[in-house]
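Notes follow once the structure below has been shown.
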Amino acid sequence: MNTRTHPSSAKLRRALLAGGLGVVLVAVGACSTTEPGTGSPTGEGGTLERIKADKLINVGFANERPYAYRENGQLVGEDPAVHGYIFDQIGGISLEPHLFEFGSLIQALNSERVDVVTAGMFITPERCEQAAFSNPVYVATTSLLVATGNPKGLTDYASVADGDARLAVMNGAVEVDQAKSSGVPDDRLQIVADQQAGLDAVKSGRADAFALTSISLRALAADDNTVEVAEAFVPVIDGEEQLGAGAAVFRRTDTELREAFNEQLAELIQSPKWLELVEPYGFTEAERPDPELTAEQLCQG
């Protein structure tokens with residue numbers, strides 16, 4: 001199991017991207033993309049009071065591994081595990097899942113079709129203008145997917161730039177600019193459409209590595225013994241670390257609900273229970289957030 005020392009909160013504020021046992025299962029066989037009809041106010045205290053009375057909270061997810069996805073008719077993943085545990089602690093509250101495209105989740109939240117976004121969404125200043133985030137539930141480092149045995153000994157962007165290795169990166173992803181800023185030339189970058197295309201590029205030999213978040217790559221490579229995920233690293237661009245942080249997302253009016261969530265989260269983050277909940281989905285100590293890191297800090301960019 002990989003571990004790392006957390007950078008200081010001040011550095012993280014500057015660096016974060018602008019852009020069974022502990023497993024919580026929730027039935028999603030009848031997932032709805034229509035308004036569940038809450039019939040209650042969402043202002044100060046309204047949603048919290050309602051979900052405590054109903055013992056149910058409507059959550060939006062986007063079916064993305066390993067954050068929140070359907071498997072055998074159940075909602076599973078890191079976010080359902082953590083959120084399910086926290087809402088149970090708040091008041092024996094169960095998750096009622098509703099499926100949306102990722103880009104529609106905040107709109108669904110603000111139109112009161114769901115009460116919280118359970119999708120591993122990164123905290124960014126732009127999103128903070130539209131919704132309120134909990135404090136970080138996890139942080140995301142970067143890794144390289146390589147052929148088994150890592151024949152070129154690739155460990156980070158610098159190791160790619162210093163040799164002749166070819167690097168696959170996803171179109172529109174932050175890894176494109178990170179690789180270029182780290183000195184990887186354009187003629188050794190292979191832009192791919194999605195995660196599967198990146199995996200295929202490495203397996204076929206068209207690329208020597210595929211750069212993405214460590215969490216995503218571990219999920220992608222889980223059942224494939226022809227590839228492996230190299231040690232996690234934090235890219236450093238212009239002297240600043242580039243690290244992402246995911247959180248629960250609430251309406252800006254639901255202050256009391258968010259505070260109740262944060263209160264339980266603060267205890268969870270510092271306990272062994274956090275790893276117990278997320279480890280089945282490929283998360284490690286490298287993804288445990290600094291307890292001093294807050295959404296307010298990250299919303300400032």
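The values are calculated or read from the model by the stated rules, or taken from the named source; none is laboratory data. Worth saying up front: this structure is predicted, and the values here are computed from it rather than measured. Cβ atoms come from the backbone with ideal geometry, glycine included; neighbour counts cover every protein chain shown.
Observations
- Tally of residues being outside any helix (DSSP H, G or I) and either in the same structural domain as ASP223 (by the TED database) or modelled with pLDDT under 95 (or both) across the range 256-289: 3
- Condition check for GLY205: on the phi > 0 side of the Ramachandran plot, not hydroxyl-bearing (Ser, Thr, Tyr) and not assigned by the TED database to the domain that holds GLU112: yes
- The single condition among (1) buried (at least 21 other Cβ atoms within 10 Å of the Cβ); (2) outside any strand (DSSP E or B); (3) hydroxyl-bearing (Ser, Thr, Tyr) that TYR69 does not meet is (2).
- Filtered residues of the range 291-301 (kept if modelled with pLDDT under 95 and assigned to a loop (DSSP other than H, G, I, E, B)): GLN300, GLY301
- Some residue of the range 228-244 being at pLDDT 90 or above, assigned to a helix (DSSP H, G or I) and in contact with a helix residue (DSSP H, G or I) (Cβ under 7 Å, 6 or more places away or on another chain): no
- Among residues of the range 169-190 being among the charged types (D, E, K, R) and farther than 15 Å from PRO235 by Cα, the one that is surrounded by the most Cβ atoms within 10 Å (Cβ to Cβ) is ARG188.
- Matching residues, the range 251-273, being over 20 Å from the mean Cα position of the chain (by Cα) and of a type in the set (S, T, N, Q): THR253, THR255
- Residues of the range 139-168 satisfying the condition of being closer than 21 Å to ALA222 by Cβ and buried (at least 21 other Cβ atoms within 10 Å of the Cβ): VAL139, ALA140, THR141, THR142, SER143, LEU144, LEU145, VAL146, LEU154, ALA168
- Residue satisfying condition, being crowded, with 16+ Cβ neighbours inside 10 Å, among the β-branched types (Val, Ile, Thr) and at pLDDT below 50, within set THR47, THR38: THR38
- Filter pass, ASN135 being within 26 Å of ALA247 (Cα to Cα) and assigned by the TED database to the domain that holds ASP79: yes
- Being at pLDDT 95 or above and assigned by the TED database to the domain that holds VAL117 holds for only one residue in GLY84, GLY73, and it is GLY84.
- Residue list for the range 191-219, filter: crowded, with 19+ Cβ neighbours inside 10 Å, under 16 Å from LEU167 (Cβ atoms), touching a helix residue (DSSP H, G or I) at 6+ places or on another chain (Cβ under 8 Å) and aliphatic (A, V, I, L, M): VAL192, LEU199, ALA207, ALA209, ALA211, LEU212
- Listed here are the strands (runs of 3 or more DSSP E) enclosed by the range 112-226 that have at least 2 residues being more than 30 Å from ASP254 (Cα to Cα) and of a type in the set (D, E, K, R), and there are none.
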